[in-house]
Amino acid sequence: MGIVDTYEKRHHVINYEKKNIPDELVKELLYKAWKITPSKNNFMPYQVSVLGPDQQDLKEQVWEGAAFNHKSVEERQFKAKDGENKTYTTQSGNETKYKFWPNKAYNHVRYNSHLLIFSSRICKLEGYMKRMVEKEGHYAEQCEISEVENLSSATSFECGLFAAHLAGICLEHGIDTSYNLCKPGGKGYYKHMPFLWYDKENKYAMVHANMSMGYGKYYRYQWLKDYRRGEDKRPEMEDVVKWIK
């Protein structure tokens, strides 16, 4: 099976089977993803925190963070509060009543075999880069707390590379993965999760993404079909890929 065939099997999971992946297998898959994922100057300025089957309380907190972010964005946009009988105009021009409901697409964050949290970390100088800094005056921003926010876009991109490689490796083992980017953005939000702090003095964390792992039972494409929510259509390739002449 080719790489395209493998990746075409990936679908967003609504519900996973109540079956856990053995920790040793998860470690093996993570090792393979770590081994093949490139990084600028080999710094890998992110941490992948693994929440296994015994960390349900933390998974609940991550899910609550996703729902909180979703709700706060809508209330800010529609100037409404949950439960208010308030009419607003949608982006398509239709009038409707505001009512918040947690997105079913977040279910995978709450119930899964393993949940991964990608967050920023402060790197150490080693090998070639240590020589560059100490002998040749190079500035290694990945090693400075003050640069974490400036590096957020680059770090998020590298997290995506790791996540994409891991997804493909998981598919080869019959394991499903799903992603979540809906999360609180404030660096001070994660004071209750010290394992995420890049700045331990101020208790700051920068989370880039969440990724769940498990054996899929019910997928988003099935939910859309079952509840007649419409086709989940992606943009045409020509809208995304532009040849500049």
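Results, tabulated for the structure shown:
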| quantity | calculated |
| --- | --- |
| Helices (runs of 4 or more DSSP H) contained in the range 1-120 and holding at least 1 residues hydroxyl-bearing (S, T, Y) and more than 18 Å from N180 (Cβ to Cβ) | 3-7, 23-36 |
| The range 12-33 residues that are without any contact (Cβ under 8 Å) to a residue 40 or more places away in the chain, paired with ones that are hydroxyl-bearing (S, T, Y) (beta carbon under 7 Å, 6 or more apart) | none |
| Pair list, Cβ under 6 Å, 6 or more apart: the range 147-166 residue assigned to a helix (DSSP H, G or I), other residue aliphatic (A, V, I, L, M) and buried (at least 16 other Cβ atoms within 10 Å of the Cβ) | C159/A209; F162/A33; A163/M211; H165/A33; L166/A33 |
| Positions within the range 46-60 being closer than 15 Å to M211 by Cβ and over 15 Å from the mean Cα position of the chain (by Cα), in sequence order | G52, Q55, L58 |
| Within the range 33-56, tally of residues that are of a type in the set (D, E, K, R) and touching a helix residue (DSSP H, G or I) at 6+ places or on another chain (Cβ under 8 Å) | 1 |
| Test: residue in the range 125-143 that is assigned to a strand (DSSP E or B) and more than 19 Å from I36 (Cα to Cα) | no |
| Looking only at the range 133-148, and only at residues there that are surrounded by 13 or more Cβ atoms within 10 Å (Cβ to Cβ) and closer than 30 Å to G185 by Cα, the one that is nearest to the chain's Cα centre (by Cα) | V148 |
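Conditions tested, residue by residue: (1) surrounded by 15 or more Cβ atoms within 10 Å (Cβ to Cβ); (2) of a type in the set (F, W, Y); (3) within 23 Å of G185 (Cβ to Cβ).
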{"residue": "M1", "(1), (2), (3)": "no, no, no"}
{"residue": "E8", "(1), (2), (3)": "no, no, no"}
{"residue": "N15", "(1), (2), (3)": "yes, no, no"}
{"residue": "D54", "(1), (2), (3)": "no, no, no"}
{"residue": "F68", "(1), (2), (3)": "yes, yes, yes"}
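Every read-out reported here was derived from the displayed coordinates using simple, explicitly stated rules and does not represent laboratory data. Because the structure is predicted, anything quoted here is derived from the model rather than measured. Cβ coordinates were reconstructed from backbone atoms using ideal geometry, including for glycine residues, and neighbour counts include every protein chain displayed.
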